[in-house]
Amino acid sequence: MSRFREPSPTESNKAYPREQSRNFAVLLELWPFLRPYGRQIAGAGAALVIAAGTLLGLGFGLRMMVDQGFAPGNAELLDQAVLVLFAVIVVLACASYARFYLVSWLGERVVADLRKRVFDHIIRLSPGFFEVTRTGEVLSRLTTDTTLLQTVVGTSVSIALRNLLLLVGGLGLLIFTSPKLTGLVLLVVPLVIAPILIFGRKVRRLSRESQDRVADVGAYTEESLNAIRTVQAFTHEAIDHAQFAGQAEAAFTTAIGRIRARATLTALVILLVFGAIAAILWVGGHDVIAGRVTPGELSAFVFYAVVVAGAVGALSEVIGDLQRAAGAMERLIDLLATPPDIQAPARPHPLPSPPRGAVGFVDVAFTYPARTEVPALLDFNLTVQPGETVALVGPSGAGKTTVFQLLLRFYDPVEGAVTLDGVDLRQADPQDLRHRIGLVPQDSVVFGANAWENIRYGRPGASDEEVRAAAEAAACTEFLDTLPQGFDTFLGEKGVRLSGGQRQRIAIARAILRDPAVLLLDEATSALDAESEQLVQRALERLMRGRTTLVIAHRLATVLKADRIVVMDQGRIVASGDHQALIADRDGLYARLARLQFDQAAALESKRQEVVAEARKGALP
């Protein structure tokens, strides 16, 4: 059985949105991104008109060359006609180069600006947005949707305008050259275009299905490679190979259907278009024999007919691109219109300087956007004095991490207020607030960069000496200096070249470098071995001295030195005090947690001693 749950149609569309839209007016939203590049737009427009005009002018050159240049004994006129025709071709080539370059430049420039705008907006959205929105959907809008718009700006719009000019100009020249044959063309063109359009829709549908299957293959590959250790640890290679093979075959089958349909469409186009040209040549040939038109006029007419037919076919293809781009633009507008839940007020209240680090929670109630039925905090009141160290303990789901989330103002409380140095966080600038807080999360984050950049993330302007001092304080130098290029060594994607404890020490160094007024430690030493934990604990003790610190710890041994221990359960504070006072209440939650952990530790130590004793007796090899 596949490890994947089959997504619902709604989820699938969200993850890989490919809907179309007939609301072409939405593409006008691109204008603010195009407006700064008026000179390039004007140049591209001029090149477009010149290219279309010279292409249509080739018909006159062809007519003159056939009627006059091929006349017996008139080699001079033939030379002149060829020279004029060559000059027109040169102008056409230059104009086409300018059009292609400028339009492609606009497409790349606009999509780069659009991606920067979207990313800048996304990165400012609060964590609550990502609780209810799939990351794959956001990435699809940032990459796939913007690429569709790049295709439109850099290719499709130019093709549409060029072929519209060719269609209008070509029809006018057809009527001017031979009204009779024009009537025949207007009668035949719908018969040629209709089956092409109908069959073309099938080709586009199969193309989208083929893209979907390829996306499925890519998603499966990405998930398998990201979990390669789990795949191999559970000897799941053969099953994954079979499932991947099935998806690859599905992509192949869909692609073959697309190729067969496109090949059929190509044959149909050749049959209908050249059949129609043959019919026009037959009728026009009889007119030439009868003297009603000249050979040059017939040649020019066929040329214009081919241009008009090509323009109609190209426009039909462009319509599909415009529909997909309109759908992409609607999704991007929807994303850009999503306001961040957390925003700075119009007139932020300045936080005191220098910071003191006084933290307050007053009658706070809070629920997460994705779990509104379960309160994360309820009637929560907590005051932390400047320089005080407060440990938050309690079972999983008690609300300890939520306290950190509210203090960082990732969310606002539903009721009550959270304050820093007496200022309600909703009245302060979130950037100013977060500059005063240092966080060491339980799941440490290491970016795909070297140690300098990872530690300097805490304070981008720090010098190399300050970065190294922070690394020494967090006991990072002992392993960073042994890497091939030392601090310059690339640490791998997500810090894959480091152990869990080493990644945790990088995160601690980052917080040390930040030198914050308030320090938040979320199981900061949970991934360290005993020796590293002692080293880091001493570094943290130096860092915590004189600094407001909130510590989350499941291992009670790490909070014994806290000034105060706050015991939480189901979003409420159920007890508060130092270790000795809390342990004295044998029926209290803290005492039960302590007995569970310390009794377990004592049992493990007793077992270890028994094993050592047996080994000494020779009972064990």
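The values are calculated or read from the model by the stated rules, or taken from the named source; none is laboratory data. It should be emphasised that the depicted structure is a prediction, and the values quoted were computed from it without experimental measurement. Note that each Cβ is placed from the backbone with ideal geometry, even for glycine, and that neighbours are counted across all protein chains shown. All accessible areas refer to the heavy atoms of the entire protein, side chains included, with ligands and DNA or RNA removed. Shrake-Rupley method; radii C 1.70, N 1.55, O 1.52, S 1.80 Å.
The aspartates and glutamates whose alpha-carbon is closer than 13 Å to the alpha-carbon of Lys180, local same-chain residues fewer than 8 away aside, are Asp287, Glu297. Sorting the segments 498-506, 567-575, 178-186, 368-376 by their residues' average number of neighbouring beta-carbon atoms within 10 angstrom, most packed first, yields 498-506, 567-575, 178-186, 368-376. The slack between Asp481 and Asp587, meaning 0.36 nm per residue of separation minus the straight C-alpha distance, is 33.2 nm. With θ taken as phi - 60° and the Karplus curve 6.51 cos²θ - 1.76 cosθ + 1.60 applied, the whole-hertz 3J(HN,Hα) list for the stretch 230-244 is 5, 4, 6, 5, 9, 6, 9, 4, 5, 5, 5, 4, 5, 5, 5 Hz, x standing for glycine and proline. Residue ranking by accessible heavy-atom surface, 1.4 Å probe, largest first, among Glu137, Glu330 comes out as Glu330, Glu137. Helical runs assigned H by DSSP (4 residues or longer) give the chain a calculated mean residue ellipticity at 222 nm of -20500 deg cm²/dmol, each run adding -39500 (n - 2.57) before division by the residue total. Rounded to the nearest whole Hz, the Karplus-based 3J(HN,Hα) values (6.51 cos²θ - 1.76 cosθ + 1.60, θ = phi - 60°) of the stretch 566-573 follow the sequence 10, 9, 10, 7, 6, x, 10, 8, with x at glycine and proline. Summarised as an ellipsoid, the chain has semi-axes of 72, 28, 23 Å, derived from the eigenvalues of the Cα gyration tensor scaled by 5 and square-rooted, with the largest first. Surface composition of the chain: carbon and sulfur make up 60 percent of the accessible area, probe 1.4 Å. Comparing Cα centroids, the stretch 173-247 and the stretch 414-484 end up 47 angstrom apart. Only protein heavy atoms count here; under a 1.4 Å probe, Lys202 has an accessible surface of about 90 Å².
Would you mind getting me the FRET efficiency between Glu223 and Ile333? Use the beta-carbon distance for r and R0 = 30 Å, nearest 0.05.
Values: r = 30 Å, r/R0 = 1.01.
My answer for the efficiency is 0.50.
For the chain, the share of DSSP beta bridges that are antiparallel, to the nearest 5, is 55%. The listed peptides 100-113, 248-261, ordered by packing as a protection proxy, come out as 100-113, 248-261 (highest mean of other Cβ atoms within 10 Å first). Ordered by 1.4 Å accessible area with all protein chains kept, Cys476, Cys94 run largest first as Cys94, Cys476.
Which order do the peptides 582-588, 212-218 come out in when sorted by mean C-beta neighbours inside 10 angstrom, highest first?
On the way: 582-588: 13.7, 212-218: 16.1.
Averaged packing, sorted descending, gives the order 212-218, 582-588.
Backbone phi angles across the stretch 442-457, fed through the Karplus curve with coefficients 6.51, -1.76 and 1.60 (θ = phi - 60°), yield HN-Hα couplings of 5, 9, 5, 10, 10, 8, x, 7, 8, 5, 4, 5, 5, 6, 5, 4 Hz in residue order; Gly and Pro are listed as x.
Keeping all protein chains in place, calculate the accessible area per residue for the chain (probe 1.4 angstrom), answer in Å². Could the numbers behind the result be given before it?
Numbers: 32770 Å² over 621 residues.
Ligands and nucleic acids excluded, the figure is 53 Å² per residue.
Pairs of alpha carbons in the stretch 185-313 separated by more than 27 Å make up 49% of all such pairs. Other residues whose C-beta falls under 14 angstrom from the C-beta of Pro345 contribute a net charge of -2, scoring Lys and Arg +1 and Asp and Glu -1. Taking 0.36 nm per residue of sequence separation and removing the Cα-Cα distance, the Arg201/Leu378 pair yields an extension gain of 58.0 nm. Close amide H pairs (under 5 Å, H built 1.01 Å from N) link Ile342 with Ser126, residues at least 5 positions away or on another chain. Here's how it looks for Met568: its modeled amide H is under 5 Å from those of Val393, Gly394, Val574, which are all 5 or more places away or on a different chain.
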